[in-house]
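The values are calculated or read from the model by the stated rules, or taken from the named source; none is laboratory data. Model, not experiment: these values are computed from the prediction. Here the Cβ positions follow ideal geometry from the backbone for every residue, glycine too, while neighbour counts run over all protein chains shown.
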Amino acid sequence: MIQRTDIYTSPLVERNASKEMAELFGADTKFRMWRQIWLELAKAEKKLGLKITQTQIKQMAGHLDDIDYKKAAEFEKKFRHDVMAHVHTFGLAAPKAAPIIHLGATSCDIGDNADLIILRDGLRIIAGKVACLIDRLGRFAKQYKSLPTLGFTHFQPAQLTTVGKRATLWAYEFVMELAEIDRRIETMPFRGIKGTTGTQATFLTLFNGNHSKVKKLDQMVAKAFGFKESCIVTGQTYPRKLDTLIVNTLAGVAQSAHKMCNDIRLLANLKEIEEPFEKSQIGSSAMAYKRNPMRCERVTGLARLVLSLATSPAMTACEQWLERTLDDSSNRRVSLTEAFLATDGILEILINVASGLVVYPKVIASHVMAELPFMATEEILMAGVKAGGHRQQLHERIRVHSHAAAAQVKTLGKENDLIARLQSDPAFAKVNLKAALDPKRYLGRAPQQTDEFIAAAVAPIRRKYKNQLNKKVELKV
């Protein structure tokens, strides 16, 4: 719900992304995370022997959420430094701990690590929704695994497939995307507690030259936030290459989403399959009869945004001079957040679409039968030879009749009458032409491939993400 109408607000939040993703990338989550990192840093420093009291730890722990944003804004205006503004604000809330908050740390020990926690948690949300989408597409594929439909190459009628098999093509891309997301989550490192230029010099001073304690401090804080490891080495920031890898993973989801939605838009034009259309939904302000594929159109628009945003982290990674520059900050605040919000919005819409796809079997069948006579000609030819005919002579008869039938369709706008022409030709008198027109003869292993795909690819995802598959999505607008 828009609270104000006199300033720009993000359509990604208001119209597309879920509440959980918008909150994850909200200011409150970030600044609370900073306080949690300061707390875990202090706890680890205390355990390793620095003079930090339990009273100080307890006071910090008691003020993780009560952030005085007005005071923080005043400090930031004064210092022109967001991290130091919140150090002082936290110190006011926990005065006994004020002397040891941020002890030995640099801004990136706090901000960069917080960013990685948020990015990891964002990928976890994305992973659950991709799994949910795969589940819905798997259900759809199972339901329509044996329904014959025209395959298309170059958007021209080709050999038959099934409606369900086509859905597995969409789902398979998301299965690959989910594997990449899982791998990215599993291998994402913590920046770690590395100090100003990544040398840990200040911590080495604090621990009187004890290298093992400095390394242990790094490990302890990483473990506190669920990371298996920290970056082996860093400059002042974690390698911005990580941002590139993460957003490229989101761009992969966007690619698959765009492809799927383009297919549905094409099928909607053919009146074979449509996205959900609500009872009171209006397709056009002027043309009342229209059922525009607005959900899929929205997805393709957002997908292009994510693809374009993927270039920013790559260029930012290129521009990091030596141990760091600050020209990354203003870009990352926008590009990383919007890539996640847009991808989340894409998946919200796709789950809605995949949960309510409308199939029109009779229209599909009519399209199949309009083209099947041409596709059946090879089988008719073989059947004619088996019945004693001359292969070359039969081929010529089929060629002549096919061109005549095509002219009926293309020039005169009439139905395909190829079978009627062949039935009247004595050369095919011994051929069972009706049997040749059974669409199921031309499906190959499409139904079996669909079952095999569901068993091999969808079922394991259902088991792994079983608690995230019952998601219901209603569009915000």
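Observations on the structure shown:
Condition check ((1) free of Cβ contacts under 8 Å to residues at least 24 places away in the same chain; (2) under 28 Å from LEU350 (Cα atoms); (3) out of contact with any strand residue (DSSP E or B) (no Cβ under 8 Å at 6 or more places or on another chain); (4) of a type in the set (Ser, Thr, Tyr)) across all residues:
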residue	(1), (2), (3), (4)
ASN16	no, yes, yes, no
ALA22	no, yes, yes, no
THR29	no, yes, yes, yes
TRP38	no, no, yes, no
GLY49	no, no, yes, no
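- Screening LEU150 on (1) in contact with a His (Cβ under 7 Å, 6 or more places away or on another chain); (2) closer than 22 Å to LEU245 by Cβ shows it passes everything except condition (2).
- Selected residue (only one of GLU229, GLU173, GLU186 is closer than 27 Å to VAL353 by Cα, surrounded by fewer than 20 Cβ atoms within 10 Å (Cβ to Cβ) and charged (D, E, K, R)): GLU173
- Residue match in region 412-421 (condition: in contact with a Lys or Arg (Cβ under 9 Å, 6 or more places away or on another chain), part of a helix (DSSP H, G or I) and without any contact (Cβ under 8 Å) to a residue 24 or more places away in the chain): no
- In region 438-474, the residues that are hydrophobic (A, V, I, L, M, F, W, C) and either in the same structural domain as ARG139 (by TED's automatic domain parsing) or touching a helix residue (DSSP H, G or I) at 6+ places or on another chain (Cβ under 6 Å) (or both): ALA446, PHE453, ILE454, ALA457, VAL458, ILE461, LEU469, VAL473
- Taking region 102-129 as the range and being in a loop (DSSP other than H, G, I, E, B), of a type in the set (A, V, I, L, M, F, W, C) and surrounded by 22 or more Cβ atoms within 10 Å (Cβ to Cβ) as the test, only ALA105 passes.
- Those residues of region 1-42 which are of a type in the set (A, V, I, L, M) and either surrounded by 21 or more Cβ atoms within 10 Å (Cβ to Cβ) or in a helix (DSSP H, G or I) (or both), in sequence order: LEU12, VAL13, ALA17, MET21, ALA22, LEU24, ALA27, MET33, ILE37, LEU39, LEU41, ALA42
- The set of residues in region 413-436 being more than 13 Å from ALA383 (Cα to Cα) and surrounded by fewer than 17 Cβ atoms within 10 Å (Cβ to Cβ) consists of GLY413, LYS414, GLU415, ASP417, ALA420, GLN423, SER424, ASP425, PRO426.
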